[in-house]
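The values are calculated or read from the model by the stated rules, or taken from the named source; none is laboratory data. Note that this is a predicted model, so its numbers are computed, not measured. Quick reminder, even Gly has a Cβ in these numbers, built from the backbone with ideal geometry, and neighbours come from all protein chains shown.
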C-alpha cells in the first residue's frame, strides 16, 4: 500500500534515527545487556512512542499504519529497541479503552514520554496460550483485590514499572472467569527475575511474582470475567506490528548483503554476478515485501474498524519465520565473515527467533486462522 505524505515523513525520520543512533550500537547494547533508559526517554522526546495514541495523553493521534511504520523503521536499526513502540501502542490502546480514566491519565503520558514501561502478563509456567490453564488468582476483598501467582516469560519483566496482569476471578471454562488488572510494581509483594536468553538480552525477559499483592478495585481493567476476551483483541494489533518488526530486521540484513555482493569478488568478478548469490537474496526481498504488505493491510483494516484477526495471525507466524530464513541466507552470503560475531546477522537471527515463540507460536496462529475459516470445528480437530 502507498504511504501518505505524513507516514512517509515519519518513516524518513525514524529511519534516519535508526541509521545514525541505533544501528551503530546494536551489538554493543546486547553486550551491555541492560535497557538504556536514557535512550528510551530519547525515543519519547522525539515522539516515536505512542504515535497512534490521542494527543491529550501525549501521543500524535495518528493511525495504526503509522505505528507500523515506526516499528519497522526502528527495527531496521535495533530489533530489540523496536519492541518499545510496539509495547506502548499495544498496552496504551488497551488502557485507553478499558482502564479507569485516572490510571490511563497517569500512566499513558509517562509511557509515551519514555519514562515508564508497562509489561503485559499472560503467560504462566504452566502455559500461555491456553487460557484454561491460568492459575494466578485474584480474590475480591472488600474494595480491593488480592493477587497471587507467577507470570513467566514476560518481556520487560525486570525493567517495567507496572504490569497488565491476567488472573482468574471465577471458575468458568477456558477464558471465562479471567479478569485483567493494572498492577504498579511499587506495590508490596511484587518481585521480578531475569532469564539468560539466547537473544534479545536488553528487553529483560523474566518472571514476575505476585505474593498477596493488594490493589484497589479501580485497578481492574475491563469487566469481571471478561478481561481475557476484551483485552486479547489488542493482540490483533501487536501481531501486525511484530510482523513489521521482523521485516525491518530482515531488510537491514538484505541491504547489507546486497552491498557486500557488489563489493566482494570471486573468480575475478563481483559475486553479485552469480545467480547462486543473487537469486536467494531476490527471493528474500520478495518474501519480505509480501509480508510487509500483509502487515500494512492488516493495520489498515484495524484503522477502518474491520475484522482482522485472521490477517493478524498470518502476520505473526509469517513475519518471524521468513525473517529468520532471510537473515540466515544473508549470513551465508557473507561466507566465513558471516559466521563472525563482528557482523550483526547472527544477532538478528537470534533476536527474531524469539518471536517464533513469544506472543503466540506459529501453531497457535494457524489454529486461529483455521478457526476463522471453519469455526469451532478447527479447535475440536486440533485437540481431538
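With respect to the numbered conditions (1) within 27 Å of residue 27 (Cβ to Cβ); (2) in a loop (DSSP other than H, G, I, E, B), which one is the sole condition not fulfilled by residue 305?
Here residue 305 clears every test but (1).
I'm trying to understand the selection: among the residues of segment 147-186, which are touching a residue at least 60 places away in the same chain (Cβ under 8 Å) and more than 24 Å from residue 96 (Cα to Cα)?
Selection gives 148, 149, 150, 153.
Looking at (1) touching a helix residue (DSSP H, G or I) at 6+ places or on another chain (Cβ under 7 Å); (2) farther than 24 Å from residue 46 by Cα; (3) in the same structural domain as residue 206 (by TED's automatic domain parsing), find the lone condition where residue 156 falls short.
So residue 156 meets the others, but not (2).
Test of understanding: among 278, 309, 298, which residue is crowded, with 24+ Cβ neighbours inside 10 Å and touching a residue at least 12 places away in the same chain (Cβ under 8 Å)?
The match here is 298.
Quick one: how many residues across segment 124-154 are surrounded by 16 or more Cβ atoms within 10 Å (Cβ to Cβ) and not in a strand (DSSP E or B)?
So the count comes out to 4.
Just one of 383, 343 is modelled with pLDDT of 95 or more and either over 19 Å from residue 243 (Cβ atoms) or over 20 Å from the mean Cα position of the chain (by Cα) (or both); which is it?
343
Return the residues of segment 91-111 that are surrounded by fewer than 24 Cβ atoms within 10 Å (Cβ to Cβ) and under 15 Å from residue 60 (Cα atoms); say none if nothing qualifies.
93, 96, 109, 110, listed by residue number.
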